[in-house]
Amino acid sequence: MSTVDKMLIKGIRSFDPENKNVITFFKPLTLIVGHNGAGKTTIIECLKLSCTGELPPNARSGHSFIHDPKVAGETETKGQIKLRFKTAAGKDVVCIRSFQLTQKASKMEYKAIESVLQTLNPHTGEKVCLSYRCADMDREIPALMGVSKAILENVIFVHQDEANWPLQDPSTLKKKFDDIFSATRYTKALEVIKKLHKDQAQEIKAYKLKLEHLQTLKDAAYKLRESISQNQEKTESLKSQMQVLEKNIDDLDAKIHNAELTLKDLRKLEDQKSTKTAERSTLFKEQQRQYAALAEENEDTDEELMEWKTKFDERIMLLDNKIQKMGRNQQDLDEESSAYRRKLNKCTEEIGKLQRDAETLVMSKKDRDTAIERLFARLNLGSTPNSPFSDEVALNLTSQIEARLMELNKDLDEKKQSNDQKLKTAWDCYVGASERCNIAEAQKKAKLEIKCSVLKRLEETKSNRDSLEIQISDVNLSLLDEREKNMQVELDRKKKQLNERNHDEIIQQKQQEVFAIDQKIKVLSHERNLAANDAKERMELSIKKRELEDKKKQLKKIIEEYKGQD
């Protein structure tokens, strides 16, 4: 059996979007009590929405279901419902549904952000989160609970505005009962069974026809089997004859193969014989030609020829050594040339680097000169000599700028101190005036309360007078007139006392004082803004000064490098 354990609500209807409200459902029964508007129905609506995905009635497509952004004082509010329940199999599952309501220029926009199911991995014990679309989530949760969606909507988590659905019209009631008891599935199943019965009857007729056709085919098959058995006997006798003939053919093929091999060998021998005879004739002719070309016949002995041969070999070795030595010299020269090439490339790279450094130095000098001219024009320090500046001129100009900056810093500090003092005095005046204004307001309220009480008493006396006029026949008129005169005198005296105190003049005076203090505060805030602008300019000057010092260091470093190279 599936059970609900806990539910967290945040940002739904009157529930605060910043606070988490957790509701624990106890077993076997949980009672929810509270005043009207406390959120009892909201809990049931959240249960229904988290299980079925259906919004409650009169939710205006979710606009009135999420906490109103106007009430929260924001342009966007987010709502979330977390429901922890046990499935029908006893497994703990957490369902998370999140929503968002955004205040646009002319309308509200409702959106369901995400739907997540959290479970525990039984092997590792880690949380596993599966993100679903809303439609998949609406099907998945009733399946896990083992309860249909119709029962969850119309029986378990039915809304109080929809609790009278059994009294609706018959068509709606039938549809509800069909959904609850899944009657539509049974009717569909009966229709499917009838259709299957009809299809099977047609199939039986077709099979009967096939059976008659197969019976005729069976008779023909018996006849074919008898003819096949006779043909098999004939094929076996023919196979025995074919085997004898195949043996004879194999013997003849072997003999032919041996004859072909011997024929190939004979042809090879004939080809070799012809080639050898041709070689012999050519060699004989060459020998005769060389013998005829000899100027004189060498009559040296074999030993002398061997000596000549050894001397010739030694000479060849000496020439080989010389060739190897020359090759080694050539390799040395190639290595030296490659080393010189590398040195040449390195020198060209250094030259290019120095040229780039010189160009950057010139550019930095130009930037320095333009910065100095701009600062002189901004600080009204007079005219500057024609650029480019020399190092001495640049140092003199920067010293003038630094002196001017020190003067400006001093003026700024003095202005800050004076402004702080003025602001402090103005603030003291403002605090005193506000205190006096508060006292006057309190006195005014007290006087107004006294006036209201006097007016109430006056109304009471008037009512008493009216009641007494009804009984005027039993009362002495002279006494009433005298009493009325006394009351009128007392009323005039009270009004005169109230008019003599001049509350309106005091309030106007206090308002004038507050207005004067506001004007002083505006003047002081303007002066504070001017001081802030001066501080910003001072910061820019300090940055430019730091950049100038960096450029000086780079220039000095480059000059030292060039001096070292000289």
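The values are calculated or read from the model by the stated rules, or taken from the named source; none is laboratory data. This structure is a prediction, so every number in the text was calculated from the model and none was measured. Positions of Cβ are generated from backbone atoms using ideal geometry, with glycine treated the same way; all protein chains shown enter the neighbour counts. Quick note on the areas: whole protein, heavy atoms, side chains included, nothing else; ligands and nucleic acids left out. Shrake-Rupley method; radii C 1.70, N 1.55, O 1.52, S 1.80 Å.
Numbers for the structure displayed
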read-out	value
Tail fraction, Cα-Cα pairs, the range 88-154, threshold 15 Å, whole percent	64
Kirkwood Rh in Å, taken over the range 40-95 so that all alpha-carbon pairs contribute	13.0
Cα centroid separation - the range 395-424 against the range 261-340, whole Å	104
Accessible-area value, residue 439, 1.4 Å probe, nucleic acids and ligands omitted, Å²	100
Per residue convex hull volume, Cα atoms of the range 238-308, in Å³	140
Where 465, 280 fall by accessible area, highest first, once all protein chains stay in place (1.4 Å)	280, 465
Cα-based Kirkwood hydrodynamic radius, the range 288-362, one decimal, Å	18.7
Surface accessible to a 1.4 Å probe, residue 193 within the full protein complex, Å²	100
Cut-off under 5 Å, modelled amide H: who pairs with residue 91 long-range	none
Derived scalar couplings ³J(HN,Hα) [the range 147-154; Karplus, 6.51 cos²θ - 1.76 cosθ + 1.60; whole Hz; x for Gly, Pro]	10, 6, 5, 5, 5, 4, 6, 9
Loop trypsin sites (Lys or Arg not before Pro), the range 5-41, which have at most 14 other Cβ atoms in a 10 Å radius of their Cβ (DSSP)	20
Loop-located GluC sites (Glu not before Pro) in the range 48-126, at most 10 other Cβ atoms within 10 Å (DSSP)	126
Estimated vicinal HN-Hα couplings, Hz - the range 350-356 in sequence order (Karplus 6.51, -1.76, 1.60; Gly, Pro = x)	5, 5, x, 5, 5, 5, 5
Residue-wise HN-Hα coupling along the range 535-543, computed from phi with Karplus coefficients 6.51, -1.76, 1.60 (Hz; x: Gly, Pro)	5, 5, 4, 4, 5, 4, 5, 5, 5
By accessible area with a 1.4 Å probe, ligands and nucleic acids excluded, highest first: order of 71, 454	71, 454
Solvent-accessible ranking of 316, 81, largest area first, probe 1.4 Å	316, 81
Label-point separation in nm, residue 71 to residue 215, each point 7 Å along Cα→Cβ	8.5
Near-label residues of the range 240-260 by backbone N, under 20 Å of a point 7 Å along Cα→Cβ of residue 267	253-260
Built amide H within the under 5 Å cut-off of residue 115, gap 5+	132
Sparsely packed chymotrypsin sites (Phe, Trp or Tyr not before Pro) within the range 1-98, loop by DSSP, other Cβ within 10 Å at most 15	26
Computed [θ] at 222 nm, helices only, for the chain once each DSSP H run of length n ≥ 4 contributes -39500 (n - 2.57)	-26000 deg cm²/dmol
Accessible area expressed per residue, the range 1-120, with surrounding protein chains retained (probe 1.4 Å, Å²)	54
Gained length - residue 419 relative to residue 19, 0.36 nm times residue gap less alpha-carbon distance	139.4 nm
Debye log10 I(q)/I(0) for the chain, one point scatterer per Cα, at q = 0.05, 0.06, 0.09 Å⁻¹	-0.87, -0.97, -1.09
